[in-house]
Amino acid sequence: MMRFSTLMKHPADWMTGEGADNAIVLTSRIRLARNLAGVPFPGWAKKNQRAEALEDMRPAVEGLKCMKEPFSQELDSLSSVQKQVMVERHLISREHAARGEGSAAVIERRQSIAIMLNEEDHLRMQAIRPGLELTAAYESLVEVDDQLSEQLEYAFDHELGYLTTCPTNLGTGLRGSAMLHLPALVLSDQIGQVLQAVNKIGLAVRGIFGEGTESLGNLFQISNQSTLGESEETILRRLERVISQVATHERNARGKLVEDDPDMVCDKIGRAYGVLRNAWIIDSKEALNHLSLLRLGGDLGIFSHDTVGLCDELLMEIQPAHLQMHSGSKLAPEERDTIRAEIVRSRLQSLKAPDTFSINKGGEDQDSPPDLGIA
């Protein structure tokens, strides 16, 4: 089995890969919720029942074709910092991190497939891909689900579908989401209107770490809310269509900002570069917001395109638990702010300051998907 240190040593494939529309859609994630038949759901189960369920599930999950020498660990054997690092990498949920005895996580080497055992449901399977790749992520998870269903009997009703702890997951048990980088919609004060339209058609918009979290670095998660009464394909088609629509609005907003006020765009990106290259103390919120603008600069051609990938890696590396793993000790917030600034300065050392701005307006002439009713 893979050790935790090995898992953390390399960035996940979805953090460094190129996917469709990666300039705006950072990642796509599919999650499936499943429970075992005839076994109390985790929230109702006694300690021994949770342990027995884990004993049944874990060998089946570790034996999946995609799980070659995976990371597999019970959560009560991990430190709070280790669990928080996994939350920051979107490998487990905040709720799962809060659980202890009788819960585990099994993660494949590339970190594209992660399975939580005894979270809210017995099985929470997820696949993450770079860019807008919801269908590809779903197909990889269907293979996992099919293999597990041959060894484990799922709680299933022929009228209701897969039975889950929360009624909102009843039916397909499928949650699809994408993480979008929308700085131009924020800068142009259009973000509220766009997100309101998304909410009106039954999709959820959340912050960087999901439900109940703040949107930092101009990053927004868009996901489906309903799982009952529709097929997986219908849910995915609607979600992909809406995400494509939002990406088009962001792309057009970028083009309009560059055309109408290029000096303002360059000034904001230049100031972000200056702060990140020279700050000695910087908190998470400020760093994420400046990295968002630096990433926008890479998208627009102000910096080399490699800047986009560098910013994506830094968005993860500067998170509180990652900083503590990096330093090998628990850090006070003030210490984290100092180390965060040091890491950012070091990583951006070779990024040259632009003396002229050659902005790429690209994307304005692409075909738009069906309208959301956003002006």
key: Every pair of residues 6+ apart whose Cβ atoms lie under 6 Å, when the first sits in region 295-310 and is farther than 14 Å from LEU276 by Cα and of a type in the set (Gly, Ala, Ser) while the second is open to solvent by less than 30 Å² (accessible area, probe 1.4 Å) and part of a helix (DSSP H, G or I)   = GLY298/THR307; GLY298/VAL308
request  = Name, by its number, the condition in (1) surrounded by 19 or more Cβ atoms within 10 Å (Cβ to Cβ); (2) more than 20 Å from GLU119 (Cβ to Cβ); (3) not polar (S, T, N, Q) that does not hold for ASP189.
outcome  = (1)
request  = Determine, yes or no, whether ILE343 is open to solvent by less than 60 Å² (accessible area, probe 1.4 Å) and outside any helix (DSSP H, G or I).
outcome  = no
request  = Identify the residue in region 6-41 that is farther than 15 Å from LEU91 by Cβ and of a type in the set (Gly, Ala, Ser) and, among all such residues, is most open to solvent (accessible area, probe 1.4 Å).
outcome  = GLY38
task = Only residues that are open to solvent by 20 Å² or more (accessible area, probe 1.4 Å) and either in contact with a His (Cβ under 7 Å, 6 or more places away or on another chain) or among the aliphatic types (A, V, I, L, M) (or both): list them for region 46-56, please.
result = ALA51
ask   = Within the set of pairs 6 or more residues apart or between chains, which connect a residue that is in contact (Cβ under 8 Å) with a residue 40 or more places away in the chain and more than 17 Å from LEU310 (Cβ to Cβ) inside region 272-292 to a residue that is of a type in the set (Val, Ile, Thr) and assigned to a helix (DSSP H, G or I) with Cβ atoms less than 6 Å apart?
value = ILE281/THR338
ask   = Given LEU276, LEU216, LEU288, which one is open to solvent by less than 50 Å² (accessible area, probe 1.4 Å), out of contact with any Phe, Trp or Tyr (no Cβ under 8 Å at 6 or more places or on another chain) and part of a loop (DSSP other than H, G, I, E, B)?
value = LEU216
remark   = In region 76-101, anything open to solvent by 10 Å² or more (accessible area, probe 1.4 Å), among the charged types (D, E, K, R) and outside any loop (DSSP other than H, G, I, E, B) is listed as ASP76, LYS83, ARG94, GLU95
task = Answer yes or no as to whether ALA104 is modelled with pLDDT of 90 or more, of a type in the set (A, V, I, L, M, F, W, C), open to solvent by 10 Å² or more (accessible area, probe 1.4 Å) and more than 23 Å from SER231 (Cβ to Cβ).
result = no
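The values are calculated or read from the model by the stated rules, or taken from the named source; none is laboratory data. Computed from a predicted structure; not experimentally measured. Using ideal geometry, Cβ is built from the backbone for each residue, glycine included, and neighbour counts are taken over all protein chains shown. SASA here: full protein model, heavy atoms, side chains in, ligands and nucleic acids out. Shrake-Rupley method; radii C 1.70, N 1.55, O 1.52, S 1.80 Å.
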